[in-house]
1. List the residues whose amide H sits under 5 Å from the amide H of Phe29, counting only those 5 or more places along or on another chain, with H placed 1.01 Å from N in the peptide plane.
2. Keeping the other protein chains in place, figure out the carbon and sulfur percent of the accessible area of the range 26-110, with a 1.4 Å probe.
3. Are there trypsin sites (Lys or Arg not before Pro) in the range 47-133 that DSSP puts in a loop and that have at most 15 other Cβ atoms within 10 Å, and which ones?
4. Compute the Cα gyration tensor for the range 83-124, then decide on rounded, prolate or oblate, letting a ≥ b ≥ c be the square roots of its eigenvalues: rounded whenever a/c is under 1.5, prolate when a/b is larger than b/c in the other cases, and oblate in all that remain.
5. May I ask you to order 66-72, 135-141, 40-46 by the average number of other C-beta atoms within 10 Å around their residues, highest value first?
Amino acid sequence: MRLPSDPPRPGEICLPFDPATRTDATVAFIGQLETPWQPGDCPKNLTEARYRGGRFVVRLAPEYRTALTGLDVGDAVIVLYWLGQGRRDLLVQAPGHAPAPRGTFALRSPRRPNPIGLAVVRVQALDMATGALQVDALDAFDGTPLLDIKPWLPRVDIPPSV
């Protein structure tokens, strides 16, 4: 395992600062989501967002844009984002779609101790110069802070058969 103090490997590019020293909820927000959704008009999930349609962009701050290197149109990616407007104190929730209450960790609700949203989406367009990654859907408010982007890899991300 590599340590934070290890020097960069050949070809690696480092930020001029350590994101861990930032105080954005103890993580560094690296950009934001651009969606047509506002409070009161946001889909409950990606299926509904895809059905309703719209323009969905994951936009990176300038200092992070180089990190898009290696992504291509057509790739599936995991987008992690900060759902900071939701409650954080609910351990059990009673969603309208379920017959009985469920624990927060059995739900995809934005109401959770660490309000991290997750979307597995397909890259439709990529502009390195502007840090814009257009994707097929997002189910978060316009301006939602971006935490991370990871490639979705079938050999890694599909659970083994039961």
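1. Asp24
2. Details: 2860 of 5170 Å².
Summing carbon and sulfur atoms, their accessible area is 55 percent of the total for the range 26-110.
3. Details: sites: Arg50, Arg52, Arg55, Arg59, Arg65, Arg87, Arg88, Arg102, Arg108, Arg111, Arg122; in loops: Arg55, Arg87, Arg88, Arg108, Arg111.
Of the trypsin sites (Lys or Arg not before Pro), the ones in loops of the range 47-133 whose Cβ has at most 15 other Cβ atoms within 10 Å are Arg55, Arg87, Arg88, Arg108.
4. Working: a/c = 2.79, a/b = 1.51, b/c = 1.85.
Oblate, since a/c reaches 1.5 and b/c is not below a/b.
5. With the highest mean Cβ count within 10 Å placed first, the list reads 135-141, 40-46, 66-72.
The values are calculated or read from the model by the stated rules, or taken from the named source; none is laboratory data. This structure is a prediction, so every number in the text was calculated from the model and none was measured. In this analysis, Cβ positions are derived from the backbone assuming ideal geometry, glycine residues included, and neighbour counts consider all displayed protein chains. Ligands, DNA and RNA are stripped out before the accessible areas are found, and what is left, the full protein with its side chains, is counted by its heavy atoms. Shrake-Rupley method; radii C 1.70, N 1.55, O 1.52, S 1.80 Å.
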